[in-house]
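Just below is one structure, and these are the notes that go with it.
The values are calculated or read from the model by the stated rules, or taken from the named source; none is laboratory data. This structure is a prediction, so every number in the text was calculated from the model and none was measured. Don't worry about glycine lacking a Cβ; one is built from the backbone with ideal geometry, like all the others, and counts go over all protein chains shown. Ligands, DNA and RNA are excluded from the accessible area calculation, which covers all protein heavy atoms including side chains. Shrake-Rupley method; radii C 1.70, N 1.55, O 1.52, S 1.80 Å.
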Amino acid sequence: MSTTESNAFVPVSQWPTLEELAVGFAEHLMPASSALVCEVVNIIFDGNISISHHFATESSLNWEVTTGPQKGVKGKNDYKAFEVRSGIFFVDFYKREFEEHVSLVWNRSTGQVIAGLSKLEEVEGQRRTTTDFLQGHVTTFPHATPFPETDELVGRHILYRYSPRDAYEHVYLNSGTLTWHCLSGTEKGLADTEFCRIFKLCDQLYLLFWTETIMPVESFVVVDLQKMRSTGRFYCWDPKPQRVVQMLFGSYATHLAKIDAASVVASSLLPQSQTNSAVTA
């Protein structure tokens, strides 16, 4: 279907299931990395929880809580690691026995770590995903600082292509709100405005998190505006087939525009003489 056709409003009752949405979204996912094999990483989260991670093979991870309220709890899970930038890894795994989806970003050169822990909870009678964030550092980098939240994406208009068929545009309205709109693919014509959080990982590299209002989805995505790619996952409960849906995805990105609308508004509130001076300066 051509993306130049007008996208009409789609009522919520006609939205596809999350399972239908997931088809094809991994087509532009970058290859997984084997760079962490045999590595043991000890991470201290929020100052009082330590977890050891042993990347035993390319796909198998052993972890154990070594300090904190859950000391001694351990497990073995499949994982995938992606080197989203040289020395910066996005690691994703699902603790099936705890029904907890873990995604973390680790900067090998600075020791900084941030993790998103997603679980399913009953919210107003519906099963939805909730995500907690933990900032941490590798034990060999005791002075590493947390990744800061940022407003550097505010005003940006970015196109993400997840497959030859699926394309979405994002507009970042402020530091806590984004609007998405599907231009082509399964969700063509669908759009909404959602709560988001954005962390700066390094120059032009960001962690983007958003939680959707209509669909019970929460997404954890690394956006690279240097390489113009994104790598992430979503995790949710699909109410129609009544089961958990998990998906890794990637995209090629196109930066369409950056508009500082707040400055335009601010300049329009200046006295006319100051506005004229600003225009002619």
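Quick check: anything in the range 57-76 in a loop (DSSP other than H, G, I, E, B), open to solvent by less than 30 Å² (accessible area, probe 1.4 Å) and touching a Ser or Thr at 6+ places or on another chain (Cβ under 6 Å)?
No, because not a single residue in the range 57-76 is in a loop (DSSP other than H, G, I, E, B), open to solvent by less than 30 Å² (accessible area, probe 1.4 Å) and touching a Ser or Thr at 6+ places or on another chain (Cβ under 6 Å).
Do we find that PHE93 is of a type in the set (Phe, Trp, Tyr), modelled with pLDDT of 95 or more, assigned to a loop (DSSP other than H, G, I, E, B) and out of contact with any Asp or Glu (no Cβ under 6 Å at 6 or more places or on another chain) in this structure? Before you say what the answer is, go through the steps one by one.
On the way: of a type in the set (Phe, Trp, Tyr): yes; modelled with pLDDT of 95 or more: yes; assigned to a loop (DSSP other than H, G, I, E, B): no; out of contact with any Asp or Glu (no Cβ under 6 Å at 6 or more places or on another chain): yes.
Answer is no for this residue.
Being polar (S, T, N, Q) and open to solvent by less than 70 Å² (accessible area, probe 1.4 Å) is the filter here, so list the residues in the range 126-142 that pass it.
Residues satisfying the conditions are THR129, THR130, THR131, GLN135, THR139.
Does ILE49 satisfy the criteria of being touching a residue at least 40 places away in the same chain (Cβ under 8 Å) and within 21 Å of the chain's Cα centre (by Cα)?
Considered against the rule, which asks whether it is touching a residue at least 40 places away in the same chain (Cβ under 8 Å) and within 21 Å of the chain's Cα centre (by Cα), ILE49 comes out as no.
Please determine whether any residue of the range 137-153 is at positive phi, out of contact with any strand residue (DSSP E or B) (no Cβ under 7 Å at 6 or more places or on another chain) and part of a loop (DSSP other than H, G, I, E, B).
To start, the set of residues in the range 137-153 that are at positive phi comprises none.
Looking through the range 137-153, none of the residues is at positive phi, out of contact with any strand residue (DSSP E or B) (no Cβ under 7 Å at 6 or more places or on another chain) and part of a loop (DSSP other than H, G, I, E, B).
Taking LYS188 and the conditions (1) under 17 Å from PHE9 (Cβ atoms); (2) surrounded by fewer than 18 Cβ atoms within 10 Å (Cβ to Cβ), which numbered condition does it fall short on, given that it satisfies the others?
Result: LYS188 passes all but (2).
Please verify whether the range 214-224 includes one or more residues that are open to solvent by 10 Å² or more (accessible area, probe 1.4 Å) and at pLDDT 95 or above.
Checked against the condition, which is being open to solvent by 10 Å² or more (accessible area, probe 1.4 Å) and at pLDDT 95 or above, the range 214-224 yields no hits at all.
Filter the range 170-179 down to residues that are of a type in the set (A, V, I, L, M, F, W, C) and either open to solvent by 10 Å² or more (accessible area, probe 1.4 Å) or modelled with pLDDT under 95 (or both), then give me how many there are. Explain how you work it out, then say what you get.
Going through the range 170-179, the residues of a type in the set (A, V, I, L, M, F, W, C) turn out to be 171, 173, 178.
Next cut, either open to solvent by 10 Å² or more (accessible area, probe 1.4 Å) or modelled with pLDDT under 95 (or both) only: 171, 173.
Qualifying residue count, the range 170-179: 2.
Mind counting the residues in the range 96-127 that are at pLDDT below 95 and more than 17 Å from the chain's Cα centre (by Cα)?
12
Please find, among VAL91, VAL113, VAL123, the residue that is out of contact with any strand residue (DSSP E or B) (no Cβ under 7 Å at 6 or more places or on another chain) and either open to solvent by 40 Å² or more (accessible area, probe 1.4 Å) or within 26 Å of PRO31 (Cα to Cα) (or both).
On the way: VAL91 fails: out of contact with any strand residue (DSSP E or B) (no Cβ under 7 Å at 6 or more places or on another chain); VAL113 fails: out of contact with any strand residue (DSSP E or B) (no Cβ under 7 Å at 6 or more places or on another chain).
When all the criteria are applied, what remains is VAL123.
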